[in-house]
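For reference, the structure is listed below as structure tokens.
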Amino acid sequence: MAVKTHSKKPSKHSKVDPVLIEKKKIAIELYYGVCYICRKKYGKGFLYHHKEYEDEDLKSDDFASTIWYHCYLLELILQQPERFRLFCRNCHFLMFIADYEEERQARLWECIKETKPRKHVKKRRNPQSPQFTPVK
Ligand SMILES: [Zn+2]
């Protein structure tokens, strides 16, 4: 008899792809199951980021199938977890900044530092706000 473990409908991959199951398991066991930068809980689009590629590291082009590459990568992460970070898709995108030349990085940091985030205040009626007077 099949045991129902959860009531939510599984994603199209979760049942059929053991690589994705292993990917999630590693995320939880080795990286607390959260994005290193924003602390978002593990989910769709999460990936492992190489801090630095080593010469002997294989690339996805070296494999006939991306599944085989992912198997290789997960094994590498298990052996050397300190070489990787777990990121959500958005935070991983930020890593492209590492490829920016120095001047571009400097301009970006200038923009980040001069930007004041919008204050999130609860909208409410201000009783002292001027009344709207229609033009006669
Ligand atoms: Zn993130």
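Points to keep in mind about this one:
- Criterion: outside any loop (DSSP other than H, G, I, E, B) and either within 16 Å of the ligand (Cβ to nearest atom) or in contact with a strand residue (DSSP E or B) (Cβ under 6 Å, 6 or more places away or on another chain) (or both) - qualifying residue of Ile37, Ile97: Ile97
- Subset of region 99-128 [of a type in the set (Ser, Thr, Tyr) and either under 30 Å from Tyr53 (Cα atoms) or modelled with pLDDT under 90 (or both)]: Tyr100
- Selection within region 67-94 - within 16 Å of the ligand (Cβ to nearest atom) and surrounded by 14 or more Cβ atoms within 10 Å (Cβ to Cβ): Phe84, Arg85, Leu86, Phe87, Cys88, Cys91, His92
- Unmet criterion (only one of (1) surrounded by fewer than 15 Cβ atoms within 10 Å (Cβ to Cβ); (2) at pLDDT 95 or above; (3) assigned to a helix (DSSP H, G or I)) for Asp57: (3)
- In region 24-35, residue nearest to Ile77 (Cα to Cα) [restricted to those that are crowded, with 16+ Cβ neighbours inside 10 Å and not aliphatic (A, V, I, L, M)]: Tyr31
- Which listed residue, of His70, His50, is within 19 Å of Leu20 (Cβ to Cβ), in contact (Cβ under 8 Å) with a residue 12 or more places away in the chain and either touching a Pro at 6+ places or on another chain (Cβ under 9 Å) or of a type outside the set (A, V, I, L, M) (or both): His70
The values are calculated or read from the model by the stated rules, or taken from the named source; none is laboratory data. Everything numeric here is computed off the predicted structure, so don't read it as measured data. Cβ sites come from the backbone with ideal geometry, for glycine too, and all protein chains shown count toward neighbours.
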